[in-house]
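See below for the structure under consideration.
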Amino acid sequence: MATILRWLGHGTWHISTGKYNLVVDPFVDENPLSPVRADELECQFILITHGHYDHMADAERIACRTGATIISVYEICHWFERKGISAVHSMNIGGSYNFPFGRVKMVPAWHSSMLPDGSCGGQAAGFVLFLPEGNIYIAGDTGLFGDMKLIGDLNLEVAILPIGDNFTMGPEDALLAVKLLRPRRVVPMHTGTWPLIEQDPHQWAERVRKESATEVTVLRPGEMLTLGNR
Ligand code: NI
Ligand code: MN
């Protein structure tokens with residue numbers, strides 16, 4: 001079995017574990033780099049790190065069409081419930097739960113979280129997915145924080161980190177994050193979508209290779225990373 005992570009641009013991922021499909025932070029129809037449309041995405045679970053538009057704009061449509069369960073912080077799940085979506089699983093920082101595809105732990109992210117209509121989105125979060133092919137840390141939108149060292153103790157196969165700067169860590173802090181997290185591989189995201197968060201991921205990758213033991217995979221939107229062929 002293999003786990004396939006496909007970057008759909010920005011903070012959006014489609015993760016296939018073989019039996020299950022997950023979508024993380026669905027923002028595709030208005031994402032200038034997305035290789036797919038929301039109507040093409042099949043999944044049983046939708047994970048949302050925080051309430052900003054560029055992380056959940058297509059969640060409602062995908063959830064309504066597929067019946068997928070939304071996994072997010074309590075406030076965001078409650079917001080979707082008020083819209084009539086009952087397949088939600090709310091969590092909060094520090095908690096974990098065994099889903100059919102594997103365990104998910106909700107971890108902190110230093111960021112804000114307001115939903116598109118101005119409702120409070122609670123605390124922004126990241127996720128660690130414990131899958132048979134390795135543990136995956138999805139940082140969401142965040143600044144650097146020292147407790148990434150503790151997340152690094154979770155034996156990470158892959159860390160997916162924002163490097164775009166301005167709204168999240170930039171390349172410099174993301175490099176420090178790699179050193180705290182000590183993952184076997186790192187993949188940059190949340191860059192290239194708009195000029196404001198334009199970075200050179202290849203230049204960043206060079207620095208990571210020089211200064212850490214972590215392998216870097218730079219994806220273009222639509223490209224995939226496969227775990228489990230070790
Ligand atoms: Ni955000
Ligand atoms: Mn964002």
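Below are the figures for this structure:
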quantity: Reachable aspartates and glutamates from Lys179, criterion Cα separation under 13 angstrom, eight or more residues apart if same chain; calculated: Asp147, Asp153, Glu211, Glu215
quantity: Extension gain, Ser119 back to Leu33 (0.36 nm per residue minus Cα-Cα distance, nm); calculated: 28.2 nm
quantity: Footprinting exposure proxy for Ile48, Ile4, Ile71 (fewest neighbouring C-beta atoms within 10 Å first); calculated: Ile4, Ile71, Ile48
quantity: Likely footprinting exposure, Asp58, Asp25, Asp153, fewest C-beta neighbours within 10 Å first; calculated: Asp153, Asp58, Asp25
quantity: Debye log10 I(q)/I(0) for the stretch 1-133, one point scatterer per Cα, at q = 0.11, 0.15, 0.16, 0.19 Å⁻¹; calculated: -0.33, -0.65, -0.74, -1.08
quantity: For Thr214, Thr3, order by how many other beta-carbon atoms lie within 10 Å, fewest first; calculated: Thr214, Thr3
quantity: Label-point separation, Asp153 to Glu81 (7 Å along Cα→Cβ), nm; calculated: 3.3
quantity: Sites Asn92 and Arg65, calculated FRET efficiency, Cβ-Cβ separation with R0 30 Å, nearest 0.05; calculated: 0.60
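Throughout, read-outs are computed from the coordinates displayed, never taken from laboratory work. Everything numeric in this text was worked out from a predicted model, so none of it was measured. Cβ coordinates were reconstructed from backbone atoms using ideal geometry, including for glycine residues, and neighbour counts include every protein chain displayed.
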